[in-house]
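Notes follow the structure.
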Amino acid sequence: MHKIASIAFLIFPPAIGAIGQNNALLNTTQYNWAYFESQIEKARIKYHIPGLSAGVVKGGKLIWSKGFGYSDIENKITPDENTTYQIASVSKTFASIVLMQLVEEGKVSLDDPVAKYGVNLGGRWGGDQRIKVKHLLTHTAMGNSLNAFKPGYSFRYNGDWYARLTRVIKKSSGKQYGELLMDQIVNPLKMTCTTPSTDDTTNFRLSGFNRTDYLGRTAKPYDWQHHKFSPVNYKYSFSAAAGIMSCVSDLAKYAIAVEQKKFLKADTWEQVFTPFKTHNGKEIQYGLGWFVKEYNGRKIIWHTGWWTGYSALFILVPEEELAFIILANSQDLSRPFYHIITPIPGIGFFNPFSKNLNSSVMASRFGRAFIEEFVDGGKK
């Protein structure tokens, strides 16, 4: 196992037992768990993340879970698989399922103009009839200056526009999105720590949780500023785009259900996990609410989350019955890996071929550690 540079420990010592922590779920021997854990811990220190909860699902079981660092720095609390976090844009995958259930019921068509549901995007787009539900769902609604900002031609990630699908869901179903989320996904899976944001009083009440008790098991949010951690004070809204709170143990149940193709028909899942094609036939890196790409002959499906004080990464490898879940109480599980352009070392020009999480899960050091160990075979 590689040694972590001693200077890193001096700057940010890990919580006692972060590496080699006893875990009854660790019951497989084909993986180099110690090396994998060391890579996660190295990255946590490098990117100044106070705490992480992580889990690996294989063959329909949560085979490994672990907490790193602190969920509460001041009180030195180590997180675990039941520690809750805001999962930010990983929430989009839940909304995709709810919306596609309505499509299967014939209450929504992906080709419906969003204006049919009272959605007005403002600016040059307004209530343009050419902008369809599928364009919001695939982040292809905006267009760009090269195609006169027409929808369906280019991928431009826009969480605010994705959030407008909340209105589509409500108008077409006659129910609040929060109700459908709880009734159709959370309660059937017996997810015991998943809820709409505690800051959305109406929707949080649907969970039946006591708010004070729930926040007591939630990781405190931080940001790395001026070479130290600063507590974050932020209000987290809830919509189709973000605002679900959850934990590794619950998201493992969710991953298993998705891999088993619950909630939707098999052909609908196939559609969800197929990269969207633009009007000019270009295949983008996003399906219906999920990032999708081929990697060494296997389909990798993922979504990231990035919000003030929290971030998340959720990866599925269906052919291997594999999933990886990792949640953080700072932005930096995701933020460092969204560099659009980076300088070429020694030259200074910008490298147009640099990877970022909007196009490749391998751009994430955490995602890469998982793929290299569990998909590529890892270091034995």
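Here, each number is a calculation from the coordinates, and none is a lab measurement. Model, not experiment: these values are computed from the prediction. Methodologically, a virtual Cβ is constructed for each residue, glycine included, from the backbone with ideal geometry; neighbour enumeration extends over all protein chains shown.
Give me the net charge for the shell around Lys265: Cβ to Cβ below 13 angstrom, other residues only, Lys and Arg +1, Asp and Glu -1.
-2
How many nm separate the modelled label positions at Ser145 and His279, each set 7 Å beyond the Cα in the direction of the Cβ?
Distance between the two pseudo-spin positions: 2.0 nm.
Based on the Kirkwood radius over alpha-carbon pairs, what is the Stokes-Einstein translational diffusion coefficient of the range 89-171 at 37 °C with 0.692 mPa s viscosity, in µm²/s?
For the chosen part, D equals 258 µm²/s.
In Å, what Kirkwood hydrodynamic radius results for the chain from the alpha-carbon pair distances?
Roughly 21.4 Å, rounded to one decimal.
What is the spin-label model distance, in nm, from Tyr234 to Thr308 if the labels are put 7 Å beyond Cα along the C-beta direction?
Roughly 0.7 nm, to one decimal.
Using alpha carbons only, how many angstrom separate the centre of the range 131-208 from the centre of the range 55-107?
Their Cα centres are 17 Å away from one another.
Quick one: net charge of Lys92's neighbours, Cβ under 13 Å, K/R +1, D/E -1?
Summing Lys/Arg as +1 and Asp/Glu as -1 gives 0.
For the range 218-343, taking Cα atoms only, what is the radius of gyration to one decimal and the Dmax to the nearest whole Å?
16.7, 50
Summing +1 for each Lys or Arg and -1 for each Asp or Glu, what net charge is found among the other residues whose Cβ lies under 13 Å from the Cβ of Gly305?
Counting the neighbours of Gly305, the net charge comes to +1.
Averaged over all directions, how much area does the convex hull of the C-alpha atoms of the range 134-220 cover when projected, in nm²?
Value for the range 134-220: 7.7 nm².
Packing-wise, with mean Cβ within 10 Å as the measure, how do 324-334, 252-262 rank, highest first?
Ranked by mean Cβ neighbours within 10 Å, highest first: 324-334, 252-262.
Please arrange Leu251, Leu264 by how many other C-beta atoms lie within 10 Å of their C-beta, fewest to most.
With the fewest neighbours first, Leu251, Leu264 line up as Leu264, Leu251.
Tyr214 to Glu105: FRET efficiency via 1/(1 + (r/R0)^6), r the Cβ-Cβ distance, R0 30 Å, to the nearest 0.05?
According to the calculation, E is roughly 0.40.
Convert each backbone phi in the range 31-36 into a coupling constant with the Karplus relation 6.51 cos²θ - 1.76 cosθ + 1.60 (shift: θ = phi - 60°), then list the ³J(HN,Hα) values in order as whole Hz, x for Gly and Pro.
Working through the residues one at a time gives 10, 8, 4, 4, 5, 4 Hz.
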